[in-house]
1. Towards the positive end of the charge dipole of the chain, with charges on Cβ (+1 Lys, Arg; -1 Asp, Glu), say which of PHE451, ILE251, HIS327 has the farthest Cα.
2. Place a +1 charge on the Cβ of each Lys and Arg in the stretch 195-327 and a -1 charge on the Cβ of each Asp and Glu, then give the dipole magnitude about the Cα centre in debye, rounded to the nearest 20.
3. Treating only the Cβ atoms of Lys and Arg (+1) and Asp and Glu (-1) as charged, compute the dipole magnitude of the chain about its Cα centre; round to the nearest 20 debye.
4. Mean residue ellipticity at 222 nm from the helices of the chain, using -39,500 (n - 2.57) per DSSP H segment of n ≥ 4 over the full residue count, to the nearest 500 deg cm²/dmol?
5. Determine the distance separating the Cα centre of the stretch 3-64 from the Cα centre of the stretch 91-109; give it in Å without decimals.
6. Computed from the coordinates I sent, volume of the Cα convex hull per residue in Å³ equals one of (1) 178; (2) 122; (3) 136. Tell me the label.
7. Of THR358, LEU397, LEU7, which is farthest on the positive side of the dipole of the chain, counting Cα position, with +1 on Lys and Arg Cβ, -1 on Asp and Glu Cβ, and the Cα centre as origin?
8. Could you point to the residue in TRP431, HIS107, GLY167 farthest towards the positive end of the chain's charge dipole, with +1 and -1 charges on the Cβ of Lys/Arg and Asp/Glu respectively?
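Each reported figure results from applying straightforward, stated rules to the coordinates on display, with no laboratory input. No experiment lies behind these values; they were computed from the predicted model shown. Reconstructed Cβ throughout: ideal geometry from the backbone, glycine too, with neighbour counts over all protein chains shown.
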Amino acid sequence: MIELLELCGFGKQEIEAELPRIEKAFDRLGITSEDIERGKQRLNKYYAVELKGIRKVLRLCVREVVSTILAREEGKKKIIYGFMAPGWEIIGSALVSKSSEVYAVNHSWAFQAVLGCVFGKIVPILEAAEKKWLKAGVVTHCANVKTFMGLIVSESVPKPDMMLTSGFLCETAPKTLDLLHELYGIPVGCYDTCQDRELSDYSGGTERAIDMAAKSLRRLVERVQEVVGFEITDDMLREVMDARAGLDRAIRDIRKLMEKADPSPMSTANDNLFTILNMLTMNIDKIPEAVDAAKTACEELQERVDKGLGVVEKGAPRILAMLFAQHVDPRLEHLLHELGIAIVATDISLAVPYHVETKDPYVEMSMSLRGSLSTCLPRRIPLIVEGCKKLKVDGVLDRFHAGCRFVAGDAPLLKDAIEKEIGIPVLLLEWENFDPRVYNHEEYKRRLDVFKTMLLKKPA
């Protein structure tokens, strides 16, 4: 256990102080000594744990998992879970900064990193959900929803006083929370918007969607105030945003470095840790630790770039990938780099312009609607095409999440548009972004080998 925690960035004194809590939490998750050994092997194989910044991010993920599991018995009077809830990391941080009796977490990011990526043991949680009403299989129910539900129904985490979600990307999440409310009597809340996905005139679509989302989120926070018993002011939210500004900048710097570097200095399995870091709920006094982790990693990666060190050879084919890296299983990203293909960016980093000046924190918390995933397809296509040109990629990997209707539906249209307008190859790869059981090494390797051959046949 101590060796594992050292790989995850814990110092000796912290290990001595925190070991009883960590062991208790891991025991609740069913982590055995065999799992610990496998975790050490997976960390050394899939993650750049030689980088201090990466270890610091892993430490923060482990800490959130432990604190969530032990929240109730450590004196938290009000526990609120956000799920697929952009902006909740801001509101949750304001809550826990205001009161030591409140615990708020943005599920299930840290659990997917620790239980899935590190230990390779997310499947029992998925199976716990499947024993209820969420069916197994790629195109039935999304494993992201299963993770959230499985942690609750298996009693791996304490029953919350409130659960909330958004309808920005997924209609299954609100429906699942409604069912949990009916079964367990847990109060739920949802904020939503209208994405105008079918409109041909999308010029003002982003502004409309963000404005509606901000109003809906503000109404939801009024309900949260009733649960916690105190007001959540705009000044509280702004203070958290100001504290997190350095984190946002450091992560943007890391992404820019990844886009330009040749060879690529880090696998996208590591890059995904910074996506998770950005979603963690932290007391305002702890936010500097997250800022330090990202800044440290950025400095270390710059050193790698300066020395010409990378995970692929210099001049390797460069691709843009759709969606986040796999949240619970780093094997696909590892395979890509073994085959000598560099993911330089994902479409998550692409966003439509927003020209309206605002000081409303709720508007800022709704800015995820600018992103590629949330914008209408007529705007998403040129956004991705423009991104491919800017990044000068050799191809696109559209690993579409088969359990998500509009992502799966967009995939063939994106492929046709990219190949027609730019002439670079696009590989459509059906997968499940949250279920390691879907991973098929031989099939993926075969298809990626063919894809690499196409990438190397660059037009004159």
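1. Of the candidates, PHE451 comes out farthest on the positive side.
2. Taking the Cα centre of the stretch 195-327 as origin, the dipole is about 360 debye.
3. Approximately 720 debye in magnitude.
4. Roughly -17000 deg cm²/dmol at 222 nm, from the helical runs in the chain.
5. Result: 23 Å between the Cα centres.
6. Here volume of the Cα convex hull per residue in Å³ agrees with entry (3).
7. Result: LEU397.
8. Of TRP431, HIS107, GLY167, it is TRP431.
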